[in-house]
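Working notes, beginning with the structure itself.
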Amino acid sequence: MFGSGAFDYVDVLNKAADASYYRNEILSNNIANVDTPGYKRKDLEFEKHLSSAIERAGDAKSTLSEKVHNVDLSEAKMVTYIDNTDLSYRIDDNNVDIATEQVELASNQLVYNGLVDSMTHEFSRIKSVLT
């Protein structure tokens, strides 16, 4: 069973949930530094890397299941970047907009909850097969 690929979707969902959790920490840090002079907001880039890794895992005729089975999750990197835009509307050169960060945080929380729900459904499916 462990080599059967039964946990392939769970592995992908787990990696995405880890990235979402880490992004939540980054966004919370941005909010905490909203009044820090010179602070530049940070964010996480993950979805693009995961999508590329899944696309490279198979050819055009491969199904999503085949691609997920063959995906190399080490290619799905979590890349933290600093938003160094020179367009800061604040005198102290801080480019954190609290409203934007709060929206991003709420959106990210919905993504995280969806990923956890999907993992729960996958485990329920595996459990029903075993019983």
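The values are calculated or read from the model by the stated rules, or taken from the named source; none is laboratory data. It should be emphasised that the depicted structure is a prediction, and the values quoted were computed from it without experimental measurement. Every residue, glycine among them, receives a Cβ derived from its backbone with ideal geometry; neighbour counts consider all protein chains shown. Heads up: the accessible areas ignore ligands, DNA and RNA and are worked out on the full protein's heavy atoms, side chains in. Shrake-Rupley method; radii C 1.70, N 1.55, O 1.52, S 1.80 Å.
General remarks:
- Residues considered: ILE82, ILE98. Of these, the only one that is touching a residue at least 12 places away in the same chain (Cβ under 8 Å), in contact with an Asp or Glu (Cβ under 9 Å, 6 or more places away or on another chain) and over 26 Å from HIS121 (Cβ atoms) is ILE82.
- In the set TYR9, TYR21, only one residue is at pLDDT 95 or above, within 23 Å of PHE123 (Cα to Cα) and in a helix (DSSP H, G or I); that residue is TYR21.
- Restricting ASP18, ASP93, ASP72, ASP43 to residues that are farther than 30 Å from VAL129 by Cβ, within 17 Å of the chain's Cα centre (by Cα) and among the charged types (D, E, K, R) narrows the list to ASP43.
- Considering only residues in region 93-107 that are open to solvent by 40 Å² or more (accessible area, probe 1.4 Å) and outside any helix (DSSP H, G or I), the one that is nearest to TYR22 (Cα to Cα) turns out to be ASP97.
- Residues in region 65-92 that are exposed (fewer than 11 other Cβ atoms within 10 Å of the Cβ) and at pLDDT 90 or above: ASP72, SER74.
- Output for region 53-102, where each listed residue is in contact with a Ser or Thr (Cβ under 9 Å, 6 or more places away or on another chain) and of a type in the set (A, V, I, L, M, F, W, C): ALA53, ALA76, VAL96
- For region 31-64, the candidate set comprises residues that are in contact with a Phe, Trp or Tyr (Cβ under 8 Å, 6 or more places away or on another chain) and in contact (Cβ under 8 Å) with a residue 40 or more places away in the chain; within that set, the residue that is most open to solvent (accessible area, probe 1.4 Å) is LYS42.
- Of all residues in region 108-128, those that are surrounded by 12 or more Cβ atoms within 10 Å (Cβ to Cβ) and acidic (Asp, Glu) total 1.
- Unique match (being touching a helix residue (DSSP H, G or I) at 6+ places or on another chain (Cβ under 7 Å) and not basic (Lys, Arg)) among GLU75, GLU66: GLU75
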